[in-house]
Every structure is written in structure tokens, then in C-alpha cells.
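The values are calculated or read from the model by the stated rules, or taken from the named source; none is laboratory data. Remember, it's a predicted structure, so these values are computed and weren't measured experimentally. Cβ placement follows ideal geometry from the backbone for every residue including glycine, while neighbour counts extend to all protein chains displayed.
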Amino acid sequence: MRDINSGKELVGEISSFLKNYDFEIIATENKSELTRFAKSYIHQNVAETNFDLIVKVINEDRISVVEMNSIDNLTVLKNIEKAIEIAKISPKLDYHYRLVPPQTYKLKCKFSQKTAQFTPLGRAQLISQLIKEINQSKYDAAGAFTTEVNTLLVANSKGVFAFDRGTKVDFNCVVAKDNSTAYASFIDSDINNFNINKITDELLETALKNVGQIEIDPGVYTVILSPEAVANILDCTGYTAFNGKLIVEGKSFISANRRKKIFPEIITILDNPLDEFTMPMPFDFVGYPRKKIYLIKDGVIVDGVYDHLTALKYNLKCTANTLPPESASMGALPFNLVMKEGDNSFEEMISRTKKGIYISRLHYVNVLNPMSVQLTGMTRDGTFLIEDGKMIRAIKNMRFNTSVIDMLKAVDMISKERQTKSGLVGPTVAPYLRTNNFTFSSKTNF
Amino acid sequence: MKEILKDILGYLDTKVNYADLRFVQTEEECIQAENGILSSYNISTNRGVGIRVLANGAWGFASSNNLDKTSLFETANKALDIAQASALTKKEEIKLASEDKYIANFVTPIAKDPFQISPLEKIELLAKATKVMLKDKVKKSEGSLNFYKTHKIFLSNEGSEIEQTIFESGGGITAYAIGEGDFQKRSYPSSFGGDYSTSGYEFIEEMKLLENAERVAEEANHLLVAPSSPAGIMDIVLGGSQLALQVHESCGHPVELDRVLGKEISYAGGSFLSLDKLNNFTYGSPEVTIMADATVSGGLGTFGYDDEGVPATKTYLVNKGKFVGYLMSREDAFKLGLKSNGTARAENWNRIPLVRMTNINLLPGNLELDELIGDIMEGLYLDYNKSWSIDDKRLNFQFGTEVAREINNGKLGRFYKNAIYQGITPDFWYSCDGITQKKYWKVWGVPNCGKGQPSQVMRVGHGTSPARFRKVKVGASK
């Protein structure tokens, strides 16, 4: 898909093969390059060009889906014939499948020409610069640096035609010397916003503090979570609690708690493609235009997000959160999770903490109990004891088993500053957050 | 295709220290049903070429779905450019452990080609099984079948020419009992999508999904009204399905040599099994012997050759409790002065081979299941994974299971829900004092092992039979 016209040609070709059937199309073109480094040298360096075409064939509520990555006429025809054969014999759905009517789209993906044209040499030069700085402090660096261009086309036989192209820069790095480690990450659409010096300084500042870690006992603590850690928790909450399919099936805590004020008024969580810090997708995978959806507003639980299939089946309104067919059974996910900022500076949050723990990063977070959104995971790459308003010592990594509901109920400070972090679909925008209810269940000796 | 690949290899040969080309073509079917009704029938085809070069002592890799000759030459040149960029940070020349050249063809032995079974037969199986489960509080049931056929051509400038056709089949069912602000799930034959094997449709028939559907639903209903698991330190028996994931997380990942060498540290983490521990560390009790075996019949990690052209092997990782081996690629094995044990695998044509699990098997012991349970006064039988998490060195783990059964005076008792157990890897394996015998042993297929950036999902296997662990910290999620 060179441009919007080649997208239209593709839709025309599929349409000519499927004259007697309704259909939906998702076509993606991806040019992705990634440079990976460890022990301060580049050990993996890869580039990929790929295309993916998904065609959903609809035969009077009988549905089949075919996916292919080459679009020569023979391949497309052969695959579509298979899909028609299955759509003829499949039993009908237990609801009426309606196609999305034509829509208009105001949002655009963020695109940077410089990012699209960034080279392996450009990435290697920036990595080399970082490595030299980090090595001077006797640390090793490991991480990954991705630049990519993604083109997405969503169309159907009722006239939906949505086409856009975006770019992404995704960088993450751990620096390490023995047990002293630190982590930093960056995600944006524009390589011009990538500041390797700032990241280097951030990494070294944390790493040099993260030494001589002491053990502390498990228990319930006041913690300040970094935007990285908050984003990780929000992502898990997104698929566990805010998934509309789970809500209607009675498998989410939101099922019985809509419109209840459970959290402090400073808690507002949205799926918001309009947020200035996010990288929006202008439409979902059936072509609904994306919009701002409140999940929790001023402490009140609003609702979750709904995909097209769940909305049709249960006579609800789709919130433009439909996933591609291979993930459709999951339900819906927020595409652009955002937590609203607070009034505090990070420094203020630390200085106003009598005793607590600062968490830089979480590791391997997973759901323990979906109904209470109890999560488990580990801390890593910098966990610090706060006493009398100061980060006084690094502490060894801890396991937490904590309910997000209990954690959010006890939030009393949120930072003004927010950062953009990798998310499950689009990025997640998160602030620093202080809670007085965070449960650590066990410790490690490192 | 092979002739074009040979032309490209000829072009690259004078420009590189090493080059390999992989053409991969996949065919997939994914069928899902909910509550007795087909919810999706997805078929897909995918093909492309990945070109990996070691030039000027540094790696470059480029891949494309565009298979015309001109495009593939451009892809080859891109790989060379990338290798040149990689060399900018080079500290030493990357070298590979030596390997013989192979001209070979491997095909998974199957009885019934799953792609020749009628779609209607597959749909009806899932529709019936998910309908049968809708009993009492089971308001939601799910079932899925998945089939993969992968054709690979591997060529290297060392002279290897290997073709493989791998068939994989799998599936499972899950019942959700929902009510009183809670829900509990039970899966069969394993959780998170069921069980998988390098087999044909005969594997699906042998699972007997329909015959087990009612029992699975009953267990979900039992769990919904069951008390929460007790907390404390007690003896536990892990069933085979949960033990497969225990082996996966606490042995399979930490023995990956690339993790040990720090190559995954920024993302998935490192490993506590540092180089000084090889042949010099007590990983578990003398009962514990763990092997990597890519040759075992039907294992989801079974193949003829890995994606560096190294033959499938069977190798000790832990022998009677002693840590004795890593999973190694050619590059990483060279650093230890060893040969690769054939465990470098790539998800598809657009990914490079990484050190991956094959079938990581805990060898069976000599106990009957009755004996294993019979020697516990007060404890828990835990099976079917519900939650997993482990730290970045693979030491502090915690698992939740769908099922917990009380063990009282050597007998299985009532159901408990929301059970979790926690431990530190070597302490946990050292507490293993009994493993059931061969007749209880089977290779479980885990289809969703994630690793690497860009992410690669690998299908791997784990042979296990129920085993006993003493004085383990248990509790319940809240």
C-alpha cells in the first residue's frame, strides 16, 4: 500500500472476488527495524518488511476469516474461496452481525518522515554514544531501539474506508554493574524528540543510587510508583477490569460497581486518543472512529470499553475498541490508557512521605484474582526506601500481591508530570502516584 | 524458491563470514466456540524469507514477504548494511561453534492431516463440548482447536540444505462458573488454550474433549462454592499440567545461555545460573533430573533441525540434582568452547533464531500416585495453572492454580479455590522428594512461550509426571 489510492485498489480487488457477500478488510503494512544491544555491543540487528491482509466473509450471520501476507491474485482468490466455503457451512451466530456504516475520521496517526527514514547506522551511532558514556562509569548497557512505519487500512462492503500511517520510536535500556541496575524507556512517534543524553543521565542517576541494597520485611507499605510502574498496573487493569466482554459476562469487578464512587476524586482514568502525550489510532479494527471514553471519572466507576461483536451480541454501544479477528475472543481493550495528572511534583511526593518505598519498575506482572484485580509481580532496577522525606537507601527486590482496587482507594498524591510508556495496544500515559496500601508478600536476596 | 535462495547465498558468500537463509511458509487454522456456538473460524497463510549474515564479525538480519528475486537481493543487501552498522559497537568478532553440514529432510510423522479433516467435524466437536459444559453456574464455556503446518527451507554458506515440514495440533475447553461476585474456571486438558503436540488430528481425538466436558463443568461448579485455600507451610503435590509450567519458568528459562550472558537483561531478565555454577551447583534434590529433548515423539518442541541447521538433540540440564547444562545457540556455545545443542529457534521467517526451549522434561521417578499422596499428612494437591510470575533472575516465583485439593492423612479431600504457592527456585527443587513413575508421565505442549525483542512466541513441550514437594509456602489470592 504505497498510498491511499493503492488501498482503494486493494478494496476494489477484494470486492470483485466477493460480489455476493458482505466483507470486512484489515490490511497492515509494516516496516520495522530493531537494534538490540547487551554487554555494551550490538548483538541483534534486524529489519522486517511485511504485509498482512485479513478478510472477514459474512454470509447471513455465518462468518469466516482468512489472513494472508501475499496479495497476488492467485493467493487471494484461493484463500477467499476457502473462506467462502467455511462461511457457507458454518452455523449461524446467535446474534445478527451488522457491518459498521461509513464513518468520518478527524484524528490522524502521528507521522514523522525523519523516523520513517531513520537508518540502522543512525540507531547504531546513538547506541554507541550511550555505551561510551555508560562504560565510563564502569556500567554495561543492554536494550533495544526500534524505529518503524505502520500503515493500517480498515474497510468493509458497506463503504467504510479508513486509512492511516504512523511512525514509532521505541527505546529501552538497562544499565548494570553487579546488583546495581537502572532502567529507562522512551516511546514517541518522532525521533526528533529522542534525547539520548537525557536518557543516559537518567540511567546513571538511578544506577548510582541503586547500590548496597538492604532487605526489608514484607508487609503493607506506602509506595510511590514511577510512571513506568503505574503504566504496567494500568495495562493489567485494562484487560482484567475494563474489558466490556468480561463486564457483561460478570467476570469483572466493574460488573457490579458501575456508577459507584469507590476511589478518591483525584482518580480519573480514560481511554483517550486525544491526550496530547499519546499516539492515537484514529479508528478501531472495524472502522469506528476513536474517541475519549471515561473509565473512572473523579473517583466514580463509569464503565469499560466495548468491541463491535460484544456490542452487537448484547445490544450495547461499541466504544471503538474492537480488536483484529485473531484477538476478537478476548473482547475489548483500551487502546490509549491515560491517567489524569494531579497537583504534586515528584519531589513534593517524596518530601511529604514519612516512611515509604519508591518503585522504579515492575517485572512479570500477572493477575492473581481478576475480581479484586489482585496483581502479583516483582520490583526491579531500583527500589528505594523513603524515610523522613528522603530516598535514603536502595532495597532488595520484593514480590507484591496487591489489589488495584485497594491500591487506588488509598491514593493521596498524583504528580503533575506524566510520561508516555509502552502499552498493550497504543501507549499508556501515566503519572507518579502515591498510595498508602501496597502489599509486598515476599523478598529476595538480590 | 530454493534456486533463488541459492543464487542469493552465492552472492553473499564472498562478502560474509557466514550466511544463512530461511524460507518459511505456514498454514494455520484457529477455530473457537463459546456456549455451544461457533464464534470464529480463522484460516491463514504466511510466507517469507529471512536472511542472516555475519559480516565483519557482526550480525545483520533482514526479512521480507516479497519473494521476487530482485526484492530478495535488496533484502540481502539490507542485511549486509545492517551488519556494517552493528560493527560500530563491536568489541570482538562474533564466532560460531563449528557444525557439520547437513542435506536433510524432516517431516513430522502424523496419522491424520488436520487440514484434511472437514471443517464441519471440527466445528461440531467444539460446539457440542462447549454446550455440554453449560450446567448450573457454568454460564460461560469456551473451546478452541488450532492447527499449524510449517514448511521450512534452511540454506547456509557452510553447505547445509535442510527442508522440514512440521505439523502441530492442539486445543482445549474451559468452563466458567459465575455467581456471587466471583467466578471460577476449569480447563481441560490444560489451561490457557489446552494441550498441543507435533501430531495430526489423532491428537485431538485422543484428548476426548467431549467425554471430559461434563466433569470439567462439575469441577468449576464445585470450585465456585469451595472455601479459599488455606495458608501456611505445607507439603504439596503438583499435577503434571502445573508441573510443566513450573519446569518451564524455573528451569527452562534460567538455563537459556543467552539470558545467562546478559542478552535478555533489559526485557525478560537474566538468570541465577551464572557460568560459575555449571557442573558446580546443586539445583535440586537427587530425585530431580531434567533433560532438553527435541527428539521425543509428539513433543511440541520436537523437530529435525533447529533454525541454525543443528540436529535435534537430547541433553542433560540437571542430572540427579546437579546443574550440568545450558540451552545453547552456535554463537553462545562458542563462548564456552562447546558445540550447540540445537536449541536456536525462530518464530517465523521474519525473526532471528534465539536460544529457546525444545521439550524440557522432568524425568519420571518410581512412585505410584497413591504412594506420593499417601505420604502426606496435611497438604495440598495443586494443578492447572491460573497465574504465574517469576523474578528477573528466575528465583522468586509464585503460581496460582485452578484446582487445589486437600490432602489429609494421605487421602485426597475437598476442593479449595484461589490457591497460590510461592518459593525460591533451587530451594523448591531441593524439596522435591518424590516423582511418580513413567505411566503418569506425558509431554505437555505450551504454545505461548514469549521471549525477545521483537517479540517471538515459541511452541515448546514439557514432559512431567506428578511430583511431591515438602514444606512449601501456600496461600490464597484475595
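Just a few scattered comments:
- Screening the candidates B:Asp235, B:Asp136 for the property of being assigned to a strand (DSSP E or B) and closer than 23 Å to B:Phe415 by Cβ yields one hit, B:Asp235.
- Checking B:Ala87, B:Ala83, B:Ala97, B:Ala76 one by one, the residue that is at pLDDT 95 or above, touching a helix residue (DSSP H, G or I) at 6+ places or on another chain (Cβ under 8 Å), assigned to a helix (DSSP H, G or I) and not charged (D, E, K, R) is B:Ala76 and no other.
- Every test in (1) of a type in the set (Gly, Ala, Ser); (2) farther than 30 Å from A:Ser327 by Cα; (3) out of contact with any helix residue (DSSP H, G or I) (no Cβ under 6 Å at 6 or more places or on another chain); (4) within 8 Å of chain A (Cβ to nearest Cβ) is passed by B:Ser63 save one, and that test is (2).
- Flag if A:Leu362 is over 28 Å from A:Ser180 (Cα atoms) and touching a Gly at 6+ places or on another chain (Cβ under 7 Å): no
- Residue match in the range A:292-303 (condition: surrounded by fewer than 21 Cβ atoms within 10 Å (Cβ to Cβ) and under 18 Å from the mean Cα position of the chain (by Cα)): yes
- Checked against the criterion of being more than 10 Å from every other protein chain (Cβ to nearest Cβ), under 27 Å from the mean Cα position of the chain (by Cα), of a type in the set (Gly, Ala, Ser) and more than 27 Å from B:Val255 (Cα to Cα), the range B:373-391 contains not a single residue that satisfies it.
- Of the residues contained in the range A:221-229, none is found to be closer than 26 Å to B:Tyr176 by Cβ, surrounded by fewer than 22 Cβ atoms within 10 Å (Cβ to Cβ) and not basic (Lys, Arg).
- So A:Leu34, is it in contact with a helix residue (DSSP H, G or I) (Cβ under 9 Å, 6 or more places away or on another chain), more than 7 Å from chain B (Cβ to nearest Cβ) and touching a residue at least 40 places away in the same chain (Cβ under 8 Å): no
- Boolean, B:Ala83 is closer than 21 Å to B:Ser156 by Cβ and more than 14 Å from chain A (Cβ to nearest Cβ): no
- Conditions (1) more than 30 Å from A:Glu202 (Cα to Cα); (2) touching a helix residue (DSSP H, G or I) at 6+ places or on another chain (Cβ under 9 Å); number of the one not met by A:Val300: (2)
- Taking the range B:29-57 as the range and being part of a strand (DSSP E or B) and more than 8 Å from chain A (Cβ to nearest Cβ) as the test, the residues that pass are B:Glu29, B:Ile31, B:Ala33, B:Val49, B:Gly50, B:Ile51, B:Arg52, B:Val53, B:Leu54, B:Ala55.
- Residues of the range B:225-248 classified as touching a helix residue (DSSP H, G or I) at 6+ places or on another chain (Cβ under 9 Å) and either of a type in the set (Asp, Glu) or surrounded by fewer than 24 Cβ atoms within 10 Å (Cβ to Cβ) (or both), total: 1
- The residue that is farthest from B:Ile153 (Cα to Cα), counting only those in the range B:255-307 that are of a type in the set (S, T, N, Q) and surrounded by fewer than 21 Cβ atoms within 10 Å (Cβ to Cβ), is B:Ser285.
- Any hit, the range B:454-464, residues being part of a strand (DSSP E or B) and within 13 Å of another protein chain (Cβ to nearest Cβ): yes
- Residue pairs meeting the criteria (Cβ under 7 Å; at least 6 apart or on separate chains; first within 14 Å of another protein chain (Cβ to nearest Cβ) and more than 12 Å from A:Met413 (Cα to Cα), in the range A:329-352; second outside any loop (DSSP other than H, G, I, E, B) and of a type in the set (Gly, Ala, Ser)): A:Ser329/B:Ser39; A:Ser329/B:Ser40; A:Gly331/A:Gly244
- Of all residues in the range A:64-82 being touching a residue at least 24 places away in the same chain (Cβ under 8 Å) and within 7 Å of another protein chain (Cβ to nearest Cβ), the one that is nearest to A:Ile131 (Cα to Cα): A:Glu67
- Being among the charged types (D, E, K, R) and in contact with a Phe, Trp or Tyr (Cβ under 8 Å, 6 or more places away or on another chain) holds for only one residue in A:Lys88, A:Lys56, and it is A:Lys56.
- Qualifying residue in the range B:166-183 (condition: more than 14 Å from chain A (Cβ to nearest Cβ) and surrounded by fewer than 22 Cβ atoms within 10 Å (Cβ to Cβ)): yes
- Look at (1) buried (at least 23 other Cβ atoms within 10 Å of the Cβ); (2) more than 14 Å from chain B (Cβ to nearest Cβ); (3) not acidic (Asp, Glu) and you find that A:Gln419 fails only one, number (1).
- Selection count, the range A:258-275, where residues are in a loop (DSSP other than H, G, I, E, B), of a type outside the set (D, E, K, R) and either buried (at least 22 other Cβ atoms within 10 Å of the Cβ) or touching a helix residue (DSSP H, G or I) at 6+ places or on another chain (Cβ under 9 Å) (or both): 6
- Scanning the range A:45-62 for residues that are touching a residue at least 24 places away in the same chain (Cβ under 8 Å), crowded, with 22+ Cβ neighbours inside 10 Å and at the interface with another protein chain (Cβ under 7 Å from one of its Cβ atoms) yields A:Asn45, A:Ala47.
- Test: A:Ser15 is crowded, with 21+ Cβ neighbours inside 10 Å, over 29 Å from B:Thr75 (Cβ atoms) and of a type outside the set (A, V, I, L, M, F, W, C): no
- On inspection, A:Leu385 fails the criterion of being buried (at least 24 other Cβ atoms within 10 Å of the Cβ), within 19 Å of A:Glu228 (Cα to Cα) and either more than 8 Å from chain B (Cβ to nearest Cβ) or without any contact (Cβ under 8 Å) to a residue 12 or more places away in the chain (or both).
- Of all residues in the range A:95-132, exactly one satisfies the criterion of being within 10 Å of chain B (Cβ to nearest Cβ), of a type in the set (D, E, K, R) and touching a residue at least 60 places away in the same chain (Cβ under 8 Å), namely A:Arg123.
- Residue within the range B:122-143 that is in contact with a Phe, Trp or Tyr (Cβ under 8 Å, 6 or more places away or on another chain), buried (at least 16 other Cβ atoms within 10 Å of the Cβ) and away from chain A (no Cβ under 13 Å) present: no
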